[in-house]
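Since the structure comes first, as structure tokens, the remarks are kept for the end.
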Amino acid sequence: MKAQTRSRYGVRYSNPSLNVLYRHQNKILVGHNRSRRLDLATNLVKSHFQTASLWRLVVLRRPTSHLCEPVVDCMMDRVKITFKTERPFTGRIFVKGMVDKDQCVDSYQTNSKTSVQFEMVNGQCNMRRSRKVGPEQRGVEQSITVIVSFHNIFITKVDRAYRCTCFYMEADRVVTNRFDVSMLPTTDLVDTARMPTCSYSVRKDSIDGPLVKYARVGEPVFHVWKCDSDMFGMLVHSCFVDDGNGEDRQEIINANGCSVENVLVPDLIYNHENNVAYSEVNVFKIADKATTYFQCAVSTCMISEGMCAGKTPPRCGSLPDVRLKRHATIPAIVESNGTRKDDPFTMDISADKIFVLDLDEADEKRNLQKAREAAELEAVLLQAPQKVCFSQQTVSLLTVLMAFSTCVVAASALGFWWRRGGWAPKTI
């Protein structure tokens, strides 16, 4: 035991609280001999330390929210996230919506370190990939949502969710060729056209209507693609729909920009400038899934340079030679892993996730709303069966009419009394 010195009570400890405890015990044990007091003091100190150790053990096992800001390392083929905690982390880390996939979950039950790492291979575990061709950002963006759970089964209030994004910048490539000719000096005038920013949205009532976040099966909506530049045309192609977690991924528009199934998504309609496209779609969903997620590729071309001729709008039809011609015009370049090779004029855009109600769920919701309204109306009628409600304008009109009627009656009474000689003096 550390640092004990003699005092007039016999023992002095470096911890002030132990000196207080010992002095208190020494006052109680007046009359005992010196050796007896030393033994009792030693037992008291041992008891104190055992209680403190048990309290620290409870703290170590209790889940803690003291999680430092994680560090994301964007590697060539994977994403590594490092988490640091004040105490050893014994929970689990998983990708949102992928907890049932072994490759997307890591458990740290036996971990004894305060720093843990979670790695994911690019493209796995529903990692969202989108290509950016904006004026300031040109490259590929990988994003994923990671859940840090301090419990191995349940989600609690101390858990944290992080949206991790890696952006792989595309390097500028310059091709030069030396050609020296003794001629007049020339001045280079260079102008760089800003690449357009394109968006994909699902709207209600019209292409400029409100955004759709909740819908029911069969409800008509508009899928709208827009680019904010009149200098560029666009072609919407390679569209897919899934349940929001990367499951049941289905193609709805092929690489040529034509609909795979017109029953689900009719062929797109383009405006004259080819920078806006839309399609009126009846809402559909994947069986037994609550959400739908749409993602498309948009290829742009400069109108003034004639790059859009024969490319957009697409010529979709039943003739095989037309499809073959379109395929030759804009080929679908696909790598061995199923992803499209990077095209400097192609970007990936997605619409917001939509929650879709089944037919019976929508009917039940409508019927429940009607029943609730009927019950509220019936309650009002039962509470006030004798009352009749009028609008404010009606009450004002009735008040004016009643005042006018009162004035007419009073004037008529005075006139009748006057004609009867009501004002003539009486004689005796």
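Here are a few things to note about the model shown:
- The simple spin-label model puts a point 7 Å past each Cα toward its Cβ; for Asp205 and Ser112 those points are separated by 6.5 nm.
- Once the Cα-Cα distance is subtracted from the 0.36 nm per residue extended length, the Thr406 to Val158 segment shows a gain of 81.8 nm.
- With neighbour counts taken as other beta-carbon atoms within 10 Å, the residues Cys227, Cys301 rank, fewest first, as Cys301, Cys227.
- Highest mean packing comes first when the peptides 153-159, 117-123 are listed by Cβ atoms within 10 Å, giving 117-123, 153-159.
- Radius 10 Å from Cβ of Ala215, net charge of other residues (Lys, Arg +1; Asp, Glu -1): +3
- 21 Å Cα-Cα threshold exceeded, pairs from Lys213/Lys289; Lys213/Lys285; Lys226/Lys285: Lys226/Lys285
- Ordered by the number of other Cβ atoms lying within 10 Å of each residue's own Cβ, fewest first, Lys84, Lys213 fall into the sequence Lys213, Lys84.
- Of Cys164, Phe89, Thr110, farthest towards positive along the dipole that unit charges on Lys, Arg, Asp, Glu beta carbons give segment 67-169: Cys164
- Note on Ala309 and Thr165: with the Förster distance fixed at 41 Å, the Cβ-Cβ geometry gives a FRET efficiency of about 0.65.
- Summed residue charge, Cβ within 14 Å of Ile81's Cβ, Lys/Arg positive, Asp/Glu negative: +3
- In segment 67-169 the Cα-Cα distances spread across 10 Å bins starting at 0 as 15, 47, 28, 9, 2 percent of all pairs.
- Residue order, fewest to most beta carbons within 10 Å, for Cys258, Cys198: Cys258, Cys198
- Near Asn275, once Lys and Arg are set to +1 and Asp and Glu to -1 for all other residues with Cβ below 13 Å from its Cβ, the sum equals -2.
- In terms of the mean number of neighbouring beta-carbon atoms within 10 Å, the peptides 215-226, 396-407 order highest first as 215-226, 396-407.
- In segment 67-169, lysine pairs closer than 19 Å at Cα, eight or more apart or cross-chain: 6
- Segment 67-169: relative contact order as a whole-number percent, Cα under 8 Å and 6+ apart: 25
Each reported figure results from applying straightforward, stated rules to the coordinates on display, with no laboratory input. All of these numbers come straight from a predicted model, not from anything done at the bench. Counting neighbours? That spans all protein chains shown, and the Cβs are built from the backbone with ideal geometry, glycine included.
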